[in-house]
Amino acid sequence: MRDVLMTLIGLVLVNNVVLVRFLGLCPFMGVSKKIDSAFGMGLATTFVMTLSAMAAWALEHALLQPFGLGYLRILAYIVVIAAVVQFVEMAMHKTLPDLHRVLGIYLPLITTNCAVLGIPLLNAQAGHGLGMSVLGGFGSGAGFTLVMILFAGLRERLALMRVPQTFAGPPVAFITASLLALAFMGFTGLVPAGGG
Amino acid sequence: MEQMITAVMSLTAIGSGLGIVLGVAARRFAVEGDSRVKEVEDMLPAANCGQCGFPGCAGAAEAIVAGTASPTCCPPGGKVVALAIAEHLGIALDADEVDDVPLIAVIEDALCIGCTKCYRLCPSDAIIGAMKQLHGVFEDACTGCNQCAEKCPTGAITMQPLPLTVGTWVMPKPALAA
Amino acid sequence: MAHLVIPPIRRLLTRWGIHPDARKHPAAGLDIVDAGLPPLLVLPLAQQAGAPARPIVRIGDHVLRGQCVAEAAGPISAPVHASTSGTVIAIGEAPMPHASGLPGLAITVRPDGEDRWIERAGEPYPIRLAPEEIARRVAEAGVVGMGGAAFPAAVKLALGQRSVIDTVILNGSECEPYLSCDDRLMRENAADIIEGARLIMRATGARRVLAGIEDNKPEAIDAMKVAAHPYPEVAVVRIPSRYPMGAERQLIYTLLGVEPPAGGRAADVGVVVHNVGTAAAVWRALRHGEPLIERVVTVAGGALAAPRNVRARIGTPLYWLIERAGGLTREPARMVVGGPMMGVAVSDLDTPIGKGASGVLALTSAEVGEREPSACIRCGSCVTACPVGLMPLEMANRIHAGELGQAEDIGLRDCLTCGACGYVCPSRIPLVQYFAHARGELASRERERHRLDHVRELTEARAERVEREAREKAEAHAKRKAERAAAQAKEAAAKARDEEISA
Amino acid sequence: MNSPVQASPHALTQRTSGRIMALVMVALLPATLAGFWQFGWPAFCLWLVTVASCVLAEALCLQWAGKPVAPVLADGSAALTGWLLAMSLPPWAPWWLGVLGGAFSIVLAKQVFGGMGCNVFNPAMVGRTVLLVSFPVQMTQWVSPALIAQGTDLAQAVSIGLHGVATDAMTSASLLGHVKTELGRGIDLAGAMVAFAPDQAYTGARPGSLGETSALAIVAGGLFLVFKRVIGLRIPIGYIAGLCLPAAIAHAAAPDAFMPAGAHLLSGGALLCAFFIATDYVTSPSAPFGQWIYAVGAGLLTWLIRTWGGYPEGVAFAILLMNAATPLLDLWARPRIFGRRVGGKPLAARRVQEPLR
């Protein structure tokens, strides 16, 4: 239990997927203008990450390792993850059209979200079991969601501020992101190394 | 060689397996096309005046949904329609950009010859009058579509902003320095 | 006399509001004097909340003091009466106390100097009248709320017939700085106020009257207590001095500890609130049959030589009142009708006062605190000051960025525009102007939307009609064609038969 | 409309933004003077350089953006940022550290966002954090106050400012850094805490940042601000509670591994933060409930980072992290609107009293 908690804290705060590992920056910048859509994106990504971690684990242990196909890992993972995302997108379009409308064109972006590929690869590298893999996917997704909401809140405020023309829009968003990453450096060492 | 075959075989297996799953899903979760054109068309004033440069309100709605026209393209609808469409489609629109005053037709009594051309043209029955009689405009019904002014033989019709009264006056937005 | 004290815990728990400099002196210490008759009286038709009154006199008519010159136009409206005898010389646009500076309709009367009353029907014991009769006579007398909002008083009196009213609250808080007209009225005419309050109680079917008076007016409290002494159902309550204590809901909460629901009315919690001036006017209307043609106005401000309270006829122009207060000692930075917090700045000194004008202020730039707005430092003073718990800085930010909908989501509709936030803002951000702008803009959009919907209906109806006409035309055409064809066929047949016969 | 609209209210308080800044500076004076007294001329020079750097950076930015320079500088916010930054630097730090920190604070954390009132992170804390991350060695060289007895003159101060502290012999660790190192080496807390004497902390005779060593002076200044109604009590109380309660509980549970609450409170700028840094208007929530969450959260994070984090001091990080949450707190922890429920629905009408009839 303590391990699970530590791992979660490690993934959410210390080794945050966006601000420390710098994965998944595309939706982080792209879908963070409104808190609502940022939250939706965070949830969708968490869901996909958990699923893809599971799928990747299955693939790893059912196919890649038994047949010694480790060198195909990246390729195979991409195929599987792309399929999972497509599936989720289609299912969401049908069953949750409102959420689909909010996430709009960013849903396919999850396919190219390197965090979704990165987390299974990191899991495979660390040789995690199924439980830890899923936890890794979920924890990273939770960290992603947390940072997305914080960042969207900041950007919503910035949208109301008199930011100079030169910096308005993406420049100030990047500076804000960098300062947010600076703040997250404070968590360094909070969990003994290896937590995540 | 054997390794290559394994690789090709396994990837083919993964690919085709997933392809089948997705194919089934595509059927299972099929969704009809875009309903937004109709929704936007319902928001436009339906005057079909052509001021936007599109053939009628349906054409404008299509262009707005497709993104080739701005929601602000409809002069009769003005700010209200523009903001409503922008919100519906999730387009960012600066309210100050569309800050225009609605115009309505005003008939100059001295010039009106009572030809009823405007009366017959008006898409919203906003003009009253009969042959050889002075015409008048219902302020509440006029969209300011300008069709009557174009066809008026004596140029008696002009488009003018609604008169400002204590009831319709709006406190101006403060111009904040610094 | 019943005794009621506000529980200390309620005082401690209320954190809203501000304590502006009261600046009530010297006007509060001086007797009310009569302002006299100006050369022209301008009677605005829209001096009450609701629909403007409809004129019933014509230019050239001679009117008497107290004669009705414009009748109420609709359920929420009030008639206007001539405030002296004289001749109607104009019915048209005149400068109005409105933030826009736009003119409004008014009836101008040139006094004949005789000041002759119309026949008055006083009632020696008005308390014996039926509630409906009281409300009717108050409506006839054109009495409106005299605290500033000018809501027709009779409408609130008739509330008792629809909902159960328990308590009548007399609003004697007078929380705006400078103003002391209610203070003076309470000191000098406390009996009228108490009698009027009892009439309101009778009209609404309430069982008690609570007069809330801020503790910075001890003389008024004493005078009111003396006047209320014979009546056990009337209680005078000291309330803490704080702006905006005179706001209806805040006063109800302070006195009774209940919060009227947002969007509802005070009557929903069994309360009606009337200003002390209104109560006095109700008494005069019933006891003496005098319609509302004069009121007490505080004429004050740093640019005046001798600030004081005057009893002025409705329709008296500002310059006349300024002269009664010793004239201007210097150019005022702002002329304000009403109080400094919620009043309206006017530029034309010919502007007349209406029934709701509690003050006329000539303020110097030091008093107004004119300085350039600077950036918001998010100090949160406005949040602490807001009496309804809004976040003015957040709302203003959103309005500034054009996000009116978002501002509405966080409470724009609940704003009283009391000005407490604008007063405390260290950056002098025109917060109230933002809110007034946003509300006006939203209302104007709503109007425009309604107009467009209306136009749409018309357009669609017309399109349908045109289509139907075309169809009918086509049908008629086809029918005629068919008939003609039939006739031709018949003819041809007949011809053939004829030929056959002839053959 | 020909004449500009004069909107209500037609009256205004005397308090201006510049006046508020001036009051904060007055409140900072005792702690600052205590710092100068403690650490001598080098501290004064560092303070001067940092403040000057901030003001200069602000002036340049405004000039470059084409905004009026003089009126904005007059409100004193840039000087205040520099002042707070200087207070959080090691007193004998080289001058370029102050210059760099000041420039970072103003340019990166303030002017880029649009200047006064628009920044989302506390500029002084951004400056300090950037310096701490970039120059960990210079940022943790504390001067032992025992050296004060030797006295420093202006010439020495200039030399220290230009070259930094000359020898290791003159430096010592601050309490938090010392405890962290010792615990890391396996020495128990009692041993590590030998150096800590509370009475020193009150007057400031101990190593630490320029302006945070004298607890008494800081609290005096803070209470002055509270008395003047510049700051409320919510954030200071919330911060101290958020820091001290978990510290006290942990210390009670395992006295050998966790520092006592008092030591936490009196070291590492916690008091300075509670009264002067966390209470920064721009980057803290403006509604009461949001302020409680913000302050308690910042205190808690400070304790977490100090206790388990990689950095011995957590104040700056905790503030930045809670700054990031401030917009959300302003949005979600709004006050209840009069006549409405917390969620925004109108209250049910509760009648005054049923009439006797």
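The values are calculated or read from the model by the stated rules, or taken from the named source; none is laboratory data. These figures come from a predicted structure and were not determined experimentally. Positions of Cβ are generated from backbone atoms using ideal geometry, with glycine treated the same way; all protein chains shown enter the neighbour counts.
Among the residues of segment D:103-115, just one is part of a loop (DSSP other than H, G, I, E, B) and more than 10 Å from chain A (Cβ to nearest Cβ), namely D:Lys110. In summary, D:Thr302 fulfils each of the numbered conditions (1) within 10 Å of chain A (Cβ to nearest Cβ); (2) part of a helix (DSSP H, G or I); (3) free of Cβ contacts under 8 Å to residues at least 60 places away in the same chain with the single exception of condition (3). Considering segment C:390-428 alone, what residues qualify as being of a type in the set (Val, Ile, Thr), farther than 17 Å from C:Ile18 by Cα and more than 7 Å from chain D (Cβ to nearest Cβ)? Result: C:Ile399, single match. Could you count how many residues in segment C:430-446 are under 25 Å from B:Val81 (Cβ atoms), over 21 Å from the mean Cα position of the chain (by Cα) and more than 7 Å from chain B (Cβ to nearest Cβ)? Within segment C:430-446, residues that are under 25 Å from B:Val81 (Cβ atoms), over 21 Å from the mean Cα position of the chain (by Cα) and more than 7 Å from chain B (Cβ to nearest Cβ) number 1.
The numbered conditions (1) under 30 Å from C:Arg249 (Cα atoms); (2) within 14 Å of chain B (Cβ to nearest Cβ) are all true for C:Leu102 except (1). Exactly one residue out of B:Gly90, B:Gly144, B:Gly129, B:Gly78 is touching a helix residue (DSSP H, G or I) at 6+ places or on another chain (Cβ under 6 Å), at pLDDT below 80 and not aromatic (Phe, Trp, Tyr): that is B:Gly129. Residues of segment A:42-81 that are within 17 Å of A:Leu122 (Cβ to Cβ) and not in a helix (DSSP H, G or I): A:Gln65 alone. Within segment C:324-341, none of the residues are surrounded by fewer than 23 Cβ atoms within 10 Å (Cβ to Cβ), over 25 Å from C:Gly172 (Cα atoms), touching a residue at least 40 places away in the same chain (Cβ under 8 Å) and within 14 Å of chain D (Cβ to nearest Cβ).
To keep it simple, each residue is scored yes or no on (1) over 22 Å from A:Met6 (Cα atoms); (2) of a type in the set (Asp, Glu); (3) more than 14 Å from chain D (Cβ to nearest Cβ); (4) surrounded by fewer than 21 Cβ atoms within 10 Å (Cβ to Cβ).
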{"residue": "A:Ala115", "(1), (2), (3), (4)": "no, no, yes, no"}
{"residue": "A:Ala126", "(1), (2), (3), (4)": "no, no, yes, yes"}
{"residue": "A:Gly129", "(1), (2), (3), (4)": "no, no, yes, yes"}
{"residue": "A:Leu135", "(1), (2), (3), (4)": "no, no, yes, no"}
{"residue": "A:Gly139", "(1), (2), (3), (4)": "no, no, yes, no"}
{"residue": "A:Ala152", "(1), (2), (3), (4)": "yes, no, no, no"}
{"residue": "A:Phe167", "(1), (2), (3), (4)": "yes, no, no, yes"}
{"residue": "A:Ala183", "(1), (2), (3), (4)": "no, no, no, no"}
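Can you say whether C:Ala474 is modelled with pLDDT of 90 or more and assigned to a helix (DSSP H, G or I), as far as the supplied structure shows? So C:Ala474 fits the description; yes.
Residues checked against (1) basic (Lys, Arg); (2) under 30 Å from A:Val88 (Cα atoms); (3) buried (at least 18 other Cβ atoms within 10 Å of the Cβ); (4) under 13 Å from the mean Cα position of the chain (by Cα):
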| position | (1), (2), (3), (4) |
| --- | --- |
| B:Ala13 | no, yes, no, no |
| B:Gly23 | no, yes, no, no |
| B:Phe29 | no, yes, no, no |
| B:Lys38 | yes, yes, no, yes |
| B:Asp42 | no, no, no, yes |
| B:Cys49 | no, no, yes, yes |
| B:Gly56 | no, no, no, yes |
| B:Ile64 | no, yes, yes, yes |
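Apart from one condition, A:Asp36 fits all of (1) within 27 Å of A:Arg101 (Cα to Cα); (2) touching a Leu at 6+ places or on another chain (Cβ under 7 Å); the exception is (2).
Taking (1) within 11 Å of chain D (Cβ to nearest Cβ); (2) among the charged types (D, E, K, R); (3) out of contact with any helix residue (DSSP H, G or I) (no Cβ under 8 Å at 6 or more places or on another chain) in turn, C:Glu259 satisfies each apart from (3).
Of the residues contained in segment C:9-32, one or more are found to be outside any strand (DSSP E or B), under 16 Å from C:Arg313 (Cβ atoms) and over 19 Å from the mean Cα position of the chain (by Cα). Scanning segment B:1-46 for residues that are among the small types (Gly, Ala, Ser) and more than 10 Å from every other protein chain (Cβ to nearest Cβ) turns up B:Ser16, B:Gly23, B:Gly33, B:Ser35.
Looking only at helices (runs of 4 or more DSSP H) that lie completely in segment C:243-353, which have at least 2 residues being charged (D, E, K, R) and over 22 Å from the mean Cα position of the chain (by Cα)? Break it down stepwise before answering.
Working: elements: C:248-256, C:276-283, C:318-324.
Correct list: C:318-324.
Selection of first residues in segment C:104-118 that are within 17 Å of C:Ala70 (Cβ to Cβ) and of second residues that are of a type in the set (Asp, Glu) and part of a strand (DSSP E or B), restricted to Cβ pairs under 8 Å at least 6 apart or on distinct chains, gives the following pairs, ordered by first then second residue: C:Gly104/C:Glu93; C:Leu105/C:Glu93; C:Ala106/C:Glu93. Each residue in segment C:355-376 was checked for being modelled with pLDDT of 90 or more, in a loop (DSSP other than H, G, I, E, B) and crowded, with 24+ Cβ neighbours inside 10 Å, and 3 pass. Mind checking which residues of segment C:98-146 are closer than 30 Å to C:Val346 by Cβ, of a type in the set (D, E, K, R) and in contact with a Leu (Cβ under 8 Å, 6 or more places away or on another chain)? Correct list: C:Arg110, C:Asp115. Within segment B:54-81, residues that are within 15 Å of B:Lys38 (Cα to Cα) have Cβ atoms under 8 Å from residues that are part of a loop (DSSP other than H, G, I, E, B) and not hydrophobic (A, V, I, L, M, F, W, C) in these pairs: B:Gly56/B:Asn48; B:Gly56/B:Gly50; B:Cys57/B:Pro45; B:Cys57/B:Asn48; B:Ile64/B:Ser70; B:Val65/B:Asp34; B:Val81/B:Pro45, counting only partners at least 6 apart in sequence or on another chain. Could you go through segment C:448-462 and let me know if any residue there is part of a helix (DSSP H, G or I), free of Cβ contacts under 8 Å to residues at least 24 places away in the same chain, of a type in the set (Gly, Ala, Ser) and more than 10 Å from chain D (Cβ to nearest Cβ). The answer is yes; a qualifying residue exists.
Would it be correct to say that C:Ala94 is at pLDDT 90 or above, closer than 30 Å to C:Gly36 by Cβ and of a type in the set (Gly, Ala, Ser)? So that I can check it myself, show each step before the final result.
Numbers: at pLDDT 90 or above: yes; closer than 30 Å to C:Gly36 by Cβ: yes; of a type in the set (Gly, Ala, Ser): yes.
When the stated conditions are applied, C:Ala94 passes them.
Table: residues versus (1) over 16 Å from the mean Cα position of the chain (by Cα); (2) closer than 30 Å to C:Asn397 by Cβ.
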site	(1), (2)
D:Ala70	yes, yes
D:Trp83	no, yes
D:Leu89	no, no
D:Pro94	yes, no
D:Gly115	yes, yes
D:Asn122	no, yes
D:Leu131	no, no
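Take the conditions among the β-branched types (Val, Ile, Thr) and over 13 Å from the mean Cα position of the chain (by Cα) and apply them to D:Ile249. Does it pass?
Working: among the β-branched types (Val, Ile, Thr): yes; over 13 Å from the mean Cα position of the chain (by Cα): yes.
When the stated conditions are applied, D:Ile249 passes them.
Within the set D:Ala247, D:Ala252, D:Ala318, the sole residue that is assigned to a helix (DSSP H, G or I), more than 14 Å from chain A (Cβ to nearest Cβ) and surrounded by 20 or more Cβ atoms within 10 Å (Cβ to Cβ) turns out to be D:Ala247.
Residues that are in a helix (DSSP H, G or I) and at pLDDT 90 or above do occur in segment D:134-155. If you scan segment B:124-149, which residues turn out to be surrounded by fewer than 20 Cβ atoms within 10 Å (Cβ to Cβ), more than 10 Å from chain C (Cβ to nearest Cβ) and either in a loop (DSSP other than H, G, I, E, B) or basic (Lys, Arg) (or both)? Within segment B:124-149, B:Gly129, B:Ala130, B:Met131, B:Lys132, B:Gln133, B:Leu134, B:Asn146 meet the criteria.
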